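Visitor: Below is a structure I'd like to ask you about.
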Amino acid sequence: MKPWFSGDPSPGALSLMLGAHFVGGFLLGVIYFRAMWWNTRLLAQGTRPLLAISIALCRYGLLGGLLVLASREGVLPLLVTVAGLFVGRFVILRRVMAKIS
């Protein structure tokens, strides 16, 4: 598939676009893994399994939908989005490990 923009973007526009993809991936990672932590606590408590299932389905839908949107713009925006996702994961895991320890 062709990207939504026509032609090759200028270097400034490309760096701005990739920066936006990185920030979007970072926010996606923070939201996704924070919701996973919340989901894990709900499942461990066993009090609200229906809420835990709905949170998991929303997480999967959000992740899949936004990665599909990034992939429609090409491989480079997709890779930058995934890199931002991993940085968001790292941040959330650090915070969770600090809370547990």
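Coordinate-derived values only; no laboratory data. Every value quoted in this text rests on a predicted model; they were computed, and no experiment measured them. Ideal geometry is used to build each Cβ from the backbone, glycine not excepted, and the neighbour counts take in all protein chains shown.
Visitor: Taking H placed 1.01 Å from N in the peptide plane, check which residues at least 5 places from G74 or on another chain put their amide H under 5 Å from its amide H.
Guide: Correct list: empty.
Visitor: Name the residue farthest towards the positive end of the dipole of the chain from the options V75, S54, A13, assuming +1 on Cβ of Lys and Arg, -1 on Cβ of Asp and Glu, about the Cα centre.
Guide: The Cα lying farthest towards the positive end belongs to S54.
Visitor: If you put +1 on each Lys and Arg Cβ and -1 on each Asp and Glu Cβ, how big is the dipole of the chain around its Cα centre, in Debye rounded to 20?
Guide: Working: 10 positive and 2 negative charges, 109 e Å.
Charge dipole, the chain, about its Cα centre: 520 debye, nearest 20.
Visitor: Calculate how steeply helix 11-45 sits against the longest principal axis of the alpha-carbon atoms of the chain, using the helix alpha-carbon long axis, and give the answer as 0 to 90 degrees to the nearest 10.
Guide: Result, in degrees: 10.
Visitor: Also, quick follow-up: Tell me the relative contact order for the chain as a rounded percent, counting alpha carbon contacts under 8 Å between residues six or more apart.
Guide: On the way: 90 pairs, mean separation 47.9, N = 101.
47 percent.
Visitor: The list (1) 26.5, 84; (2) 16.4, 53; (3) 14.4, 46 gives values of Rg and Dmax of the Cα atoms in Å, and only one came from this structure; which label was calculated from it?
Guide: Computed from the coordinates, Rg and Dmax of the Cα atoms in Å corresponds to (2).
Visitor: Calculate how steeply helix 75-100 sits against the longest principal axis of the alpha-carbon atoms of the chain, using the helix alpha-carbon long axis, and give the answer as 0 to 90 degrees to the nearest 10.
Guide: Tilt relative to the chain: about 30 degrees.
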